[in-house]
Amino acid sequence: MRASPSLPSRPGGEAPGWCAASSAEGESEGSCASSSAPPSGGSRARHPGAVAAHPALLRWLVLVLAVGVWELATRARGSVYFPPPDRIARHVHELWFDGPARHLFLSAAAVDDILPSLGRMTAGFALAAVAGIVLGVAVGRSRRAYALANPVLQFARAVPPPALVPVFVVVFAFGTPMQIASITFSAVWPVLVNTAAGVRNTDPLRLDVAAVLRLNTAERLWFLVLPSALPRIFAGLRLSLSLSLILMVFSELLPGTANGIGFTLTEAQTRSDLLTVWAALVLLGALGYLLNTGLLAVEKRLTGRERAT
C-alpha cells in the first residue's frame, strides 16, 4: 500500500490549505485551530511545588480550626457551662495523664476510671464480634436459614438497648457481668447482619470454580467466602465498636458501678463539676477516634481497601 501524502502546511506554522479553504466557505475556524494545536494533556510540565495536599493534613486543619473557633467563642461568652478547650485539655491531663513515664503517664485516676471501662468494652465487643461472625456465616450460607432468621434478626436489632436493662439486671444483677452482657447483646447485631449479607453476596462464579477445583467446605469458607465478605464484616464491626463505646458509658451510669468513665460522669454531675464532665466527654471522643482508627488500620491490612476516618 502506498503511504498517503502528508498535508502541506504554510510557513510560519499557519494552518494547511484545506483549513483556510473551509474557513473561507463559512465553517468554523475553531476546528482547524484545535487540530493544529498540540494536545494539552501531559505536554505541560507540572510545577514541582504544585502537590496536592494530603487528606489527613486537611482533616487535622479542619479540627484545629474548629477548636480555635470553640476557644474564641467560649472566651468571648465567658459562660461557666462552656469552658474553653485549653482548660478542658489541662484538666484532662491533670486527671488522667500526669503519672510517671514507667506507667505510660497514666495517673491513679486513669487506672481506676479508664482501664476498667476499656476492659468491659473490649470484652463485650470481642464476644459480639465472635458471635456475630460465626452466626452470620452460618445464616448467610443457607438461603433458607437466612429467610427464616431475617425477621427475628430485624426484630432483635430494633429493640433499644436501654429497654433491656431490667432484664439483664434480673438475670445478672448489678455489676460487671450485667454490663458486659448488655454491651454484647447490643453490639452483636450489626456484625451478624452485615456478615450474613456479605456471605450471601459471594460471587456465584467463584463458588462454581471452587466446586470444579473440589474444595471442601472449610477451604471454601477460608479462601473464598470470608475474604469476599470481609468488607461487609468490617462495616458491621465499626458500627459494633461505636455501640460498644456508647453502651459502656450507659452501663456505668447504672447503680452498682464503682468505677469507670460513666461513673466519673455521674459523680461529676452530682458535684456540679462541669469541667470534669467536659473532660470525660473529650476523653470519650478521643477514645472513639483512636479505636476507630485502629480498626481501619486492621481493615486496610486485611482487605487492602482504605476508608476515610
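State, as an integer percentage, the relative contact order of region 66-130 based on alpha-carbon contacts under 8 Å between residues 6 or more apart.
Relative CO of region 66-130 lands at 16 percent.
Which of the trypsin sites (Lys or Arg not before Pro) across region 254-309 are loop residues per DSSP, with 16 or fewer other Cβ within 10 Å?
Sparse-neighbourhood loop trypsin sites (Lys or Arg not before Pro): Arg271, Arg305, Arg307.
Considering only protein heavy atoms, with the full assembly of protein chains and a 1.4 angstrom probe, order Glu94, Glu252 by accessible area, largest first. Before the final figure, lay out the partial values.
Numbers: Glu94 115, Glu252 0 Å².
In descending accessible area the options line up as Glu94, Glu252.
Suppose the chain between Ala109 and Leu61 were pulled fully straight at 0.36 nm per residue; how much longer would it get relative to their current alpha carbon spacing?
Contour length minus Cα-Cα distance gives 14.1 nm.
Roll a 1.4 angstrom probe over the protein heavy atoms and tell me the percent of accessible area of region 248-309 that is carbon or sulfur.
Whole-percent figure for carbon plus sulfur exposure: 61.
Given a 1.4 angstrom probe, what's the average accessible area per residue across region 177-221, in square angstrom?
Ligands and nucleic acids excluded, the result is 50 Å² per residue.
Give the long-range amide H neighbours of Leu106: residues separated by 5 or more places, or on another chain, with amide H under 5 Å away, using H modelled in the peptide plane at 1.01 Å from N.
Gly99
How many angstrom lie between the Cα centre of region 144-158 and the Cα centre of region 237-309?
29 Å
Heads up, I need the accessible area for Val152: 1.4 angstrom probe, whole protein in place, Å², nearest 10.
100 Å²
Leaving ligands, DNA and RNA out of it, report the carbon-plus-sulfur percent of the accessible area of region 72-151 at a 1.4 Å probe.
So the carbon and sulfur contribution to the accessible surface is 66 percent.
The values are calculated or read from the model by the stated rules, or taken from the named source; none is laboratory data. Because the structure is predicted, anything quoted here is derived from the model rather than measured. Please note: Cβ atoms are built from the backbone with ideal geometry, for glycine as well, and neighbour counts cover all protein chains shown. Just so you know, the surface numbers come from the protein's heavy atoms only, side chains and all, with ligands and any DNA or RNA stripped out. Shrake-Rupley method; radii C 1.70, N 1.55, O 1.52, S 1.80 Å.
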